[in-house]
Structures are given as structure tokens and as C-alpha cells.
Amino acid sequence: MASLRASELLIASGRVAVNGNNRLELGVKVDPTRDRITLDGKSVSLLSELHRYLVLHKPTGVTSTTSDRYASKTVLDLAPSDMGRLYPVGRLDRETSGLLLLTNDGAFANLMMHPRHHVPRVYRARVKGILQPETLDVLRSGVDLEDGKTQPSHVRRLPALTVPDADALEITVFEGRNRQVRRMLEAVGHPVTALCRVAIGPLKLGRLPRGRWREMTRGEVEQLRALALRTTAPAV
Ligand code: URA
């Protein structure tokens, strides 16, 4: 709403209030999911009206990198055409389905793609072979990959598949390395046969049909933003 300097003047002059309190120190921290911020008594949203935030259920066979000139179909082909240019937030492999965010808010996209934040990403995987308890423990504690050991993850087995010699599991990772889940499972001898991202932090794919999108609610955007800010490790 205003530049940093102008905002400081607004705060110093008592025109800004957080939860009704206008005696604020500069640099006061607010939680956009809980605190009510007002300017001259009117609610102020921390989000611009012009920003759009979509959840897309990416099907397999669709590319999420929009710079791939040779891709026959990208996620933007599935996005609405009347919202201007949207960008995918991060990527899913062509053969991975599931939850992908699209937005035109560059700051939000950068925050969500920041390598130092630890917003959990939840995947459901089908793999070859039956996982032994020791293998589940290796996945949980960290797997040695060529770009270093993975951080601890949460892993749980899903109900057994009817397919012989195959298993299903849910894996939650807290870092966003390229093809991470596939590489982790390959490294422990259980290559992935199907992979779907079902959640990013509190945001769930739910029953959104494959290939369809919906707009995120303001609350969902603010929750994700707050979580990314809270889980961003400081630079060392
Ligand atoms: N991990 C993978 O292996 N692939 C994805 O698309 C996302 C996470």
C-alpha cells in the first residue's frame, strides 16, 4: 500500500493498528493468518487484489516447466486464459501428477521456491516390491543421493495394493530437490511406478478432478505464506 518509508510514517503517526492497537513499534511482527491490520480503521489485506493464485491438479504427461519449447502440452494449457500470464510455482516431473500452484505473484512464487524453506510436500507413491521396515527407516532418516543425504522425512505405508509385488506409501519431504522422491525410492531399491503430490503444507489436493484448477482462498494463500516464512532457515 505504501513504500517502506511511507509505511513507517503511517505507523509512527498511529494510523496503523494491529488488533486495535495503534501504539506500535517499527518492525512489529504480524501473523497475516491471525492478526487484523487496519489503516485509518479500515482492514488492510496483505495481498494485492491483482494477484491470482490457483491450485491445479496436474495430470501425468503434462510438463510443468513452461520454458520447454519441445513440450507438447504444458500446465499453462490447462490454466484459464483470462487471468494473464501465470507461472508454475516449482515443478513436478512430467510423469508426476498432483497439486501444482500457479500464480502471477512473483514474490509469493520466490518465497515458496526458496531452497531454505521447509514447507512439507506430501506425495503418494506406488513402488516396485514390498518395503521392509528397515527400508522405511532408511527413507525416514535420510537417503544418500549424489547431491548429498536427504533430510529426515515422514513415511507411512498405505493399505496394500492388489497388484502383486508392489507397495504404496505416503512420503512427506521438507526440501525440494529435483526428482527427490523418485531418486530416494530408486536408491533403496524400490523404483516408483506412479507418483502424485497430494499436499503442500496445509493445502490439500482433495477431490479436485485431474486437469482442473480452482482459485485458492485468501486464507489458504496467507497460511502458506506464513508457513514458508516461519520455516525459512536463516542464511549461514
Ligand atoms: N519428487 C519427484 O521425484 N518428482 C516430482 O515431481 C516431485 C518430487
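Report the gain in length on full extension from residue 149 to residue 178: 0.36 nm times residue separation, minus Cα-Cα distance, nm rounded to one decimal.
Result: 9.1 nm gained on full extension.
Of the residues 187, 168, 109, which exhibits the maximal mean-square fluctuation in a Gaussian network model of the chain defined by a 10 Å Cα contact cut-off?
Between 187, 168, 109, it is 187 that shows the largest mean-square fluctuation.
List the relative contact order of the chain as a percent without decimals, with contacts defined as Cα pairs under 8 Å and 6+ residues apart.
22 percent
Between the alpha-carbon centers of the range 1-34 and the range 192-217, tell me the distance in whole angstrom.
A separation of 36 Å, based on Cα centres.
For the range 37-190, build the charge dipole from Cβ charges (+1 Lys, Arg; -1 Asp, Glu) around the Cα centre, then report which of 190, 78, 138 sits farthest towards its positive end.
The one lying farthest along the dipole's positive direction is 78.
Counting other C-beta atoms within 10 Å, and keeping those with at most 12, which DSSP coil GluC sites (Glu not before Pro) do you find in the range 9-117?
Qualifying residues, ordered by number: 25, 49.
Assigning unit charges at the beta carbon (Lys, Arg +1; Asp, Glu -1) and nothing else, what dipole magnitude in debye, to the nearest 20, does the chain show about its Cα centre?
Using only the charged Cβ atoms, the result is roughly 380 debye.
Give me the number: length gained by fully extending residue 138 to residue 217, i.e. 0.36 nm times residue separation minus the C-alpha to C-alpha distance, one decimal in nm.
Going from the current span to full extension adds 24.7 nm.
Would you calculate the separation in nanometres between label points at residue 6 and residue 34, each defined as 7 Å from the Cα along the Cα-to-beta-carbon direction?
Once both label points are built, they end up 3.1 nm from each other.
GNM on the chain, C-alpha springs below 10 Å: top fluctuator among 149, 29, 128?
29
Using θ = phi - 60° and the Karplus relation 6.51 cos²θ - 1.76 cosθ + 1.60, list the HN-Hα couplings for the range 180-191 in order, rounded to whole Hz, with x at every Gly or Pro.
In residue order, the calculated couplings are 4, 5, 4, 5, 4, 6, 4, 5, 9, x, 10, x Hz.
Okay, helix-only estimate at 222 nm for the chain: each DSSP H run of n ≥ 4 adds -39500 (n - 2.57), divide by all residues, round to 500 deg cm²/dmol; what do you get?
-5500 deg cm²/dmol
What nm distance separates the two modelled labels at residue 24 and residue 83, each placed 7 Å from Cα along Cα→Cβ?
Going by the 7 Å Cα→Cβ label model, 2.9 nm.
Please report Rg over Rh for the range 82-156, where both radii come from the alpha carbon positions and Rh follows the Kirkwood definition.
With Rg and the Kirkwood Rh in hand, the quotient comes to 1.05.
Taking the range 97-174, which GluC sites (Glu not before Pro) meet the DSSP loop condition and have no more than 10 other C-beta atoms within 10 Å?
Passing sites in the range 97-174 are 146.
Please work out the Kirkwood hydrodynamic radius for the chain, using every pair of different C-alpha atoms, and report it in angstroms with one decimal place.
One over the average 1/r among Cα pairs gives 19.9 Å for the chain.
Any read-out appearing in this document is the output of simple, stated calculations on the displayed coordinates, not a laboratory observation. None of the values given here were measured: they were computed from a predicted structure. Cβ sites come from the backbone with ideal geometry, for glycine too, and all protein chains shown count toward neighbours.
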